[in-house]
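Participant: Structure below; questions to follow.
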Amino acid sequence: MSLTPVDNSGDSIENLGSESRTFPPSAEFVAQANAKADIYDLAESDRLAFWEMQARELTWQKPWDSVLEWKAPYAKWFVGGKLNASFNALDRHVLAGRGDRVALFFEGEPGDTRTITYADLLTDVKKAANALIEIGVKAGDRVAIYMPMIPEAAVAMLACARIGAAHSVVFGGFSADALLSRIQDADAKVVITADGGFRKGAAFALKPAVDEALKGNTNVEKVLVVKRTGQETAWNSATDIWWDEIVNRQSSEHEAQAFDAEHPLFILYTSGTTAKPKGIFHTTGGYLTQAAFTHRSVFDLKPESDVYWCTADVGWITGHSYVVYGPLINGATQVIYEGTPDTPHKGRMFEIIEKYGVTILYTAPTLIRTWMKWGDEFPEAQNLSSLRLLGSVGEPINPEAWMWYREVIGGNRCPIVDTWWQTETGAIMISPLPGVTATKPGSAMTALPGISAKVVDDNGVVVPNGHGGYLILDKPWPSMLRGVWGEDERYKETYWSRFNGIYFAGDGAKLDHDGAIWLLGRVDDVMNVSGHRISTTEVESALVSHAAVAEAAVVGAQDEMTGQGIVAFVILRAGIDHANGEALVKELRAHVTKEIGAIARPRQIMVVNELPKTRSGKIMRRLLKDVAENRTVGDATTLADPNVMKLISEGLHSTKDED
């Protein structure tokens, strides 16, 4: 990285770093790629016809009458069409004679495994659908799912979709209060859960959180409980039913009914940092079209030969679009793993890659940086030569972590697809196409075919290359959210009011000199230092590019002189000595100055062992900001490790500011 010779004064967000390394796909990869270079022109020449072409890859019981009805901010796609999500994911493969193909290789944390074919999965889903019908669930109802990462979680989702009930999956790491608020907001009729799951080498309980949540005011009639751990479980015979007892005795016949393209498929809540969670809801036709298209094109899926592994939990949008719907619609064989990456040792995930011959890996930068921190010996102990493509999701990836992923995990031979999208967008929006794009470490590159994304200034005017601003989506797309469940005003206010009639979800971005898009994180994470708007992402990337640093989190803290001062928290790589603290901090300050300029030099740098992360791996910068500004630390209930903040607070108050 080096300083960019561009005058950015007046930019909404400054463009400070630059990256000149590029990695074109190999000739062999290009020759076999699903998506070819002409796909961009095809989509550009007639965007709606392009999406119709993708929709025809699905099985429709009734074709649509019109592609799109758009009255900003409300979209309807494939209007009048009818289809069934579960039929598209399962029945059609079995009917085409692919029932013996493996759908899921399940690896439990304790080492138990299950191999589930498409025919097996279809039978399980039909029986679960019949069980839901028996307890009174019907089309239009909502079902809350609170599960560990086990096959029954996917079965439950697909069974709901099969009968037209919207599922609302709540991540199994959330508290009883978080579960209650989501059950109430969606007015769920049934909860599907498990006695518990396995995590970090031990059983953890889930059912008690459901029992606690249901002491609140809800309309939940029944609770289905999967027996996973066999731990002792409190029981209310009026509401609770063992999954096995009701599902196993059902008929394995169930005909999937077709639903309108705009029938709600699911609600998924995004936690606001302050306000109550937003119930993002997605419908069926457009969502499935884009989830399947992006999965096929971005990951270059060859369903007959690939073994695909997305490490996300079904509790997040990535687990909806790229574990359950996209891969199964495309007939993929995939791995799902229940546990943590370091149980029983730090090489567990690399062992799984070797064991199943994983060819495509899709994971998050936070895990990639964790692997870097642990050291190269863990991936190097396993044979990872089956891998042919790597993906990254969840937040911008630092160039150094990208290079490590390429070199150490991908053996310098696998294209990397760094994907930008959100719960709200439903599917990937900005990403390289692996057989087309010459990638740059840390850049999501360009909008996918059929998608329109722009970077604009405060007035909504498109910025020229070499400048930064706000990332907007100015044309409707098939998998877009259809609203915030029950809160129409909030939908309009949150996403469509900053730039009138244009979708803006709060991310900053810059265009480099070639027009490639670089995500800069949430606009709320932009710091204002002496009138310069500096993105936390760029400073974090500069810190991580130093050989001693594995991970960094940066916040802007109030500063009487400069408005905000940059405070950095860094985790060192394995084997780096903490003892020479002051010398290292001085070196890191100088390193940031060299990489992006003196304006971005941190006021304070603190070496820590852990950073406060949510259970999906996102760094909670707001809590670090509380510490940096000497405030009481705010709500830390969604932290994976609540004690981490206490240690950081104590440490920061003993480190020195820059003189």
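The values are calculated or read from the model by the stated rules, or taken from the named source; none is laboratory data. Keep in mind that what you see is a predicted model, and the values were worked out from it rather than measured. Backbone-built Cβ (ideal geometry, glycine too); neighbour counts: all protein chains shown. Heads up: the accessible areas ignore ligands, DNA and RNA and are worked out on the full protein's heavy atoms, side chains in. Shrake-Rupley method; radii C 1.70, N 1.55, O 1.52, S 1.80 Å.
Participant: Provide the solvent-accessible area of Lys127, counting protein heavy atoms only and rolling a 1.4 Å probe, rounded to the nearest 10 Å².
Facilitator: Result for Lys127: roughly 50 Å² accessible.
Participant: If you average the alpha carbon positions of the range 455-504 and of the range 18-58, how far apart do those two centres end up, in angstrom?
Facilitator: 24
Participant: Can you work out the accessible area per residue across the range 238-393, with the rest of the protein chains kept in place, probe 1.4 Å, in square angstrom?
Facilitator: 29
Participant: Would you grab the residues whose amide H sits under 5 Å from the one on Ile336? Only those 5+ places off in sequence or on another chain, please, with H modelled 1.01 Å from N.
Facilitator: Amide H to amide H, under 5 Å and 5 or more residues apart or across chains, Ile336 pairs with Phe105, Phe106, Glu107.
Participant: From the backbone phi of the range 402-411, what are the Karplus-calculated ³J(HN,Hα) couplings (6.51 cos²θ - 1.76 cosθ + 1.60, θ = phi - 60°) in whole Hz, Gly and Pro given as x?
Facilitator: 4, 5, 5, 4, 5, 6, 7, 7, x, x
Participant: Given 25 °C and 0.890 mPa s, how large is the Stokes-Einstein diffusion coefficient of the range 565-626 in µm²/s, with Rh as the Kirkwood radius over Cα pairs?
Facilitator: 190
Participant: A further question follows. Rounded to the nearest 10 Å², what accessible area does Leu588 show when all protein chains are kept and the probe is 1.4 Å?
Facilitator: Leu588 has an accessible surface of roughly 0 Å² with all protein chains in place.
Participant: Could you rank Phe378, Phe504 by how accessible they are, 1.4 Å probe, largest area first?
Facilitator: Phe378, Phe504
Participant: So, one more: Hey, can you grab everything whose amide H is under 5 Å from the amide H of Asn398? Only 5+ residues off in sequence or another chain; H modelled, so Pro and N-termini drop out.
Facilitator: The answer is none.
Participant: Once the Cα gyration tensor of the range 344-500 is diagonalised, what are the square roots of 5 times its eigenvalues, in whole Å and ordered largest first, as equivalent ellipsoid semi-axes?
Facilitator: Gyration-tensor ellipsoid for the range 344-500: 35, 18, 14 Å.
Participant: Turning to a different aspect of this structure: Could you provide, to the nearest whole Å², the per residue accessible area of the range 111-186 with probe 1.4 Å?
Facilitator: 25
Participant: What accessible area per residue comes out for the range 414-489, rounded to a whole number of Å², with a 1.4 Å probe?
Facilitator: Numbers: 1840 Å² over 76 residues.
That works out to 24 Å² for each residue.
Participant: If you don't mind, there's one more thing I want to ask. On the accessible surface of the range 317-440, probed at 1.4 Å, how many percent belong to carbon and sulfur atoms?
Facilitator: After summing per-atom areas, the C and S share lands at 48 percent.
Participant: So how much accessible area does Phe198 have, in Å² to the nearest 10, using a 1.4 Å probe?
Facilitator: 40
Participant: Something else: Given R₀ = 30 Å, what would the calculated FRET efficiency be for His345 paired with Asp100, taking r from the Cβ atoms and rounding to 0.05? Don't skip to the answer; put the middle values down first.
Facilitator: On the way: r = 34 Å, r/R0 = 1.14.
That gives a FRET efficiency of 0.30.
Participant: Express in whole angstrom the spacing between the alpha-carbon centres of the range 597-611 and the range 137-168.
Facilitator: Result: 44 Å between the Cα centres.
Participant: Between helix 365-374 and the chain, what is the angle of the helix's C-alpha long axis to the longest principal axis, kept within 0 to 90° and rounded to the nearest 10?
Facilitator: 70
Participant: To check my understanding: the extent here is largest minus smallest coordinate of the Cα atoms along each principal axis. What are those three numbers for the chain, in Å, largest first?
Facilitator: On the principal axes, the chain reaches 73, 59, 52 Å in Cα extent.
Participant: Here is a follow-up. Using θ = phi - 60° and the Karplus form 6.51 cos²θ - 1.76 cosθ + 1.60, what ³J(HN,Hα) does each residue of the range 135-145 get, whole Hz, x for Gly and Pro?
Facilitator: 8, x, 7, 9, 3, x, 6, 10, 10, 8, 10
Participant: Of Thr117, Leu42, Ala55, which is farthest towards the positive pole of the range 16-121's charge dipole, taken about the Cα centre with +1 and -1 on the beta-carbons of Lys, Arg and Asp, Glu respectively?
Facilitator: Towards the positive end, the residue furthest out is Ala55.
Participant: Can you work out the Karplus-derived ³J(HN,Hα) for every residue in the range 191-204? Use 6.51 cos²θ - 1.76 cosθ + 1.60 with θ = phi - 60°, whole Hz, and x for glycine or proline.
Facilitator: Karplus values, whole Hz, x for Gly and Pro: 10, 10, 9, 9, 4, x, x, 10, 8, 6, x, 9, 6, 10.
Participant: Express in % the proportion of alpha carbon pairs of the range 212-322 at distances exceeding 21 Å.
Facilitator: Counting every Cα pair in the range 212-322, those more than 21 Å apart make up 64 percent.
Participant: Oh, and also: Keeping all protein chains in place and using 1.4 angstrom, which order do Thr593, Thr283 fall into by accessible surface area, from largest down? Let's see the in-between values first.
Facilitator: Details: Thr593 45, Thr283 5 Å².
The ordering from most to least exposed comes out as Thr593, Thr283.
Participant: In the range 417-493, what is the volume of the convex hull around the alpha carbon atoms, normalised per residue and reported in Å³?
Facilitator: Roughly 115 Å³ of hull volume per residue.
Participant: Against the longest principal axis of the chain, how steep is helix 118-134, in degrees 0 to 90 to the nearest 10, with axes from Cα atoms?
Facilitator: 70
Participant: Another question, if that's okay. Taking Cα atoms, how many degrees apart are the long axis of helix 176-186 and the longest axis of the chain, rounded to 10 and kept between 0 and 90?
Facilitator: 60
Participant: On to the next question. Sequence gap at least 6, Cα distance under 8 Å: using those rules, report the relative contact order of the chain to the nearest whole percent.
Facilitator: Contact order relative to length: 14 percent.
Participant: Here is a further query. Keeping every protein chain in place, order Phe299, Phe87 by accessible area at 1.4 Å, biggest value first, i.e. largest first.
Facilitator: Per-residue accessible area, sorted high to low, gives Phe87, Phe299.
Participant: Quick one: which residues, 5 or more positions from Ser168 or on another chain, have an amide H under 5 Å from its amide H? H modelled 1.01 Å from N in the peptide plane, none for Pro or chain starts.
Facilitator: Amide H neighbours of Ser168, under 5 Å, 5+ apart: Val143, Ala144, Ile145, Ile267.
Participant: May I ask you to give the percent of accessible area on the range 216-312 that is carbon plus sulfur, with a probe radius of 1.4 Å?
Facilitator: Solvent-exposed carbon and sulfur of the range 216-312 make up 44 percent of the total.
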